[in-house]
Amino acid sequence: MSESPARPRTIYGRRLGRPLRPGRQRLLDDRLPELAVPLPARPGTLDPKRLFARPVEEVWLEVGFGNGEHLAALAAAHPEIGLIGCEPFLNGVAALLAAVEAEGLDNVRIHADDARQVLDALPDASVGRVFVLFPDPWPKARHHKRRFIRPETLDRLARVLAEGGVLRLASDDAPLVDWMLWQTRRHPAFAWTARRAADWRERPADWPPTRYEAKRLHGTPAFLDFRRRPR
């Protein structure tokens, strides 16, 4: 059953963990409004390149950026790229804002809520890469409907990704890896790029590591790259 447009299915957990330190709270109060993605009244009309104060060559999107380590590393390594990060967990948003401040990053914009809102706001073929890294596996069978990688969201991702664009997925939960592979490989818009085991067993050189990945909470991570097929 697909989700209702009026009542979209919840796909994330808590919004706040431990109380924020005063400095992090100030970042949420002062900096987040400056960097927040303004959602337009009409779907498909948000020009992502116009979100940034200076011209960018293309825009990449990270869904559920956690503490923002991966997104901040990408922004620092690719100043020519605009990065949009979506994350409803406010402690993680505050952590990314701290990195933006410390590193002087001017190519980051944040949506502190459901990533589907941004996906629906974006025009067709407007994003070069999308990252969904170590999402909540929702391991109980009754919660599988909350997993982000599923037909409805893959349709959204296929619409906003440019032809030849990259969808990058990662997980250290083996059942979720199987689920994501099954869901994405059966979708007509995506082609898995792996040609040998090392292509998904080893983190690509241009894929910044994170502390979460190093913990290996569930097992050995799998790194999955898909290309957006021509329309």
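The values are calculated or read from the model by the stated rules, or taken from the named source; none is laboratory data. Model, not experiment: these values are computed from the prediction. Heads up, the Cβs are rebuilt from the backbone with ideal geometry, glycines too, and the neighbour counts pull from every protein chain shown.
Inside region 123-137, can you point out the residues that are touching a Lys or Arg at 6+ places or on another chain (Cβ under 9 Å) and under 22 Å from His70 (Cα atoms)?
Within region 123-137, Ser126, Arg129, Val130, Phe131, Val132, Leu133, Pro135, Asp136, Pro137 meet the criteria.
Would a scan of region 155-164 turn up a residue that is under 28 Å from Arg42 (Cβ atoms), in the same structural domain as Leu35 (by TED's automatic domain parsing), crowded, with 21+ Cβ neighbours inside 10 Å and in contact (Cβ under 8 Å) with a residue 24 or more places away in the chain?
no
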